[in-house]
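Values in this text are rule-based calculations from the coordinates and carry no lab data. Since this is a predicted model, take the numbers as computed values, not measurements. When we count neighbours, we look across all protein chains shown, and the Cβ atoms used for this are built from the backbone with ideal geometry, even at glycine.
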Amino acid sequence: MSTIYNFNPGPAILPKEVLLEIKNNFLNWNHSKSSIIEISHRSSKFIEFTLQAEKNLRYILNIPENYYILFCHGGARGQFSAIPLNLTKKFIKPDYINSGYWSLCAAKEAKKYCNPNIINVRKFTQDNKVYIQSIQNWKVSYKNTYLHYCPNETIEGIEIFEEPFLKNKIIIGDFSSTILSRQINIDKYGMIYACAQKNIGPAGITLVIIRNDLLGSVSYQTPSILDYQLLAQSNSMLNTPSVFSWYVAGLVFKWIKELGGLDFIEKNNKKKARILYKYLHSTGFYKNYIVPINQSRMNITFHLQKKELTDLFVKMAEKNRLYGLKGHSLVGGIRASIYNAMPIKGIKHLINFMKFFEKKFG
Ligand SMILES: *Cc1c(COP(=O)(O)O)cnc(C)c1O
């Protein structure tokens, strides 16, 4: 079987080393004589594994002791509800930054529980490129409340690298598609969260990292499985978690640690994105519509100047072992999701194909 390069936005590529480890240990996990998907989440072997996974994550993301790490159900969308349910009793009329599809989605869900103040920060330059206003110019409310934003808009390919500092605001970030791709200063945030299926592992668990003083003011009607306090008290085992997803996430944390942590990962990701954007800027045949400082390092979007060739591009790319490049239907065009596990070889292979395609049809 010849290798393919998986550019899917999520579920997405996972490290080969991790996949092989799963395969090799699948039927007899950790000498348990059963597979990982057949054992109790309360067995001592699995609990031991989760404690080590948490330790590794705390180490690679440099998470301070006063933050809980929770593994939740319900994906990132589940958090769109969990956040207002857990926090709006204390923080009234939260600010929701709108920078694209997912951040607006979070704001719309919050409307079911509160009255969010939605702030549009996505603007256009004179030559029609998208940019995000710098954080000090965000028109936030004067209220002492929380502010939700999404540092990487997965669908549009817009990333905000600037770290927020705003007086009287508890910052909450949906890091679903940028978590573990670069260093972040956790102590600038009240909470960050991410679904698993981009840079962490298979769908099924959702990572929440939350400062401990934010727990305990949950609204009365909140489902127990979305209650951060209950999840913290039960070590994220209020009910049966997705053991398999948690296990794979643990392997990915270990993989990152052994590679040299986020310093190494970030350097590698910068290099991968730089190569691809540099090529994009050198041709008129493909076009990215985002200003350089907001170009995503994880989801690189572009359009073909001849739009009618888009489907053919995707089809021929697949024949050349390049999978998952079709852009989201909302924005069209092409999207190359190049998460941590995408090797530089995959980027070079993509660029070679793009050159070939331009030569043939340009
Ligand atoms: C994928 C994604 C989501 C949705 O995640 P689900 O687990 O499918 O709910 C939300 N926000 C961002 C930024 C994403 O990339």
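Annotations for the structure displayed:
- Spatially proximal aspartates and glutamates relative to residue 267 (Cα-Cα < 16 Å; intrachain offsets below 8 disregarded): 258
- Here's the picture: a label point sits 7 Å out from the Cα of residue 328 along the beta-carbon direction, and within the range 154-171 the residues with their amide nitrogen under 20 Å of it are 154-162.
- Built amide H within the under 5 Å cut-off of residue 290, gap 5+: 130
- Taking the C-alpha atoms of the range 32-259, convex hull volume expressed per residue in Å³: 122
- For the range 151-166, Karplus couplings with θ = phi - 60° (6.51, -1.76, 1.60), whole Hz, Gly/Pro x: x, 9, 7, 4, 7, 7, x, 10, 10, 10, 8, 4, 8, x, 9, 9
- Label point distance in nm, residue 31-residue 90, each placed 7 Å from Cα along Cα→Cβ: 4.4
- Among the listed pairs 167/271; 139/271; 123/198; 45/270; 278/326; 278/319, those beyond 29 Å (Cα-Cα): 167/271; 139/271; 45/270
- Taking packing as the residue-averaged number of other Cβ atoms within 10 angstrom, the listed peptides 170-178, 29-37 run from highest to lowest as 170-178, 29-37.
- Of all DSSP bridge pairs formed entirely within the chain, close to 60 percent run antiparallel.
- Inter-part distance where the range 94-135 and the range 189-206 are each reduced to a Cα centre, Å: 21
- Set of aspartates and glutamates near residue 108 by C-alpha distance (under 19 Å), chain-local residues within fewer than 8 positions excluded: 95, 153, 156, 174
- Evaluated at q = 0.10, 0.12, 0.17 Å⁻¹, the base-10 log of the normalised Debye intensity for the range 205-362, with identical point scatterers placed on the Cα atoms, takes the values -0.56, -0.72, -1.01.
- Nearby aspartates and glutamates by direct alpha-carbon distance to residue 348 (threshold 16 angstrom, same-chain neighbours under 8 apart not counted): 318, 358
- Residue 217-residue 235 pseudo-label distance in nm [points 7 Å out on the Cα-to-Cβ vector]: 3.0
- Stretch gain in nm, segment residue 291-residue 24, where the contour uses 0.36 nm per residue and the Cα spacing is subtracted: 91.7 nm
- Whole-Å distance, taken between Cα centres, linking the range 268-332 and the range 46-91: 33
- Highest-first arrangement of 148-161, 74-87, where packing means the average Cβ count within 10 Å: 148-161, 74-87
- In terms of overall dimensions, the C-alpha atoms belonging to the range 78-135 reach 43, 19, 14 Å along their principal axes, ordered largest to smallest.
- Relative contact order, percent, the chain [alpha-carbon distance under 8 Å, six or more residues apart]: 24
- Between residue 139 and residue 282, the C-beta separation translates, for a Förster distance of 51 Å, into a calculated FRET efficiency of about 0.85.
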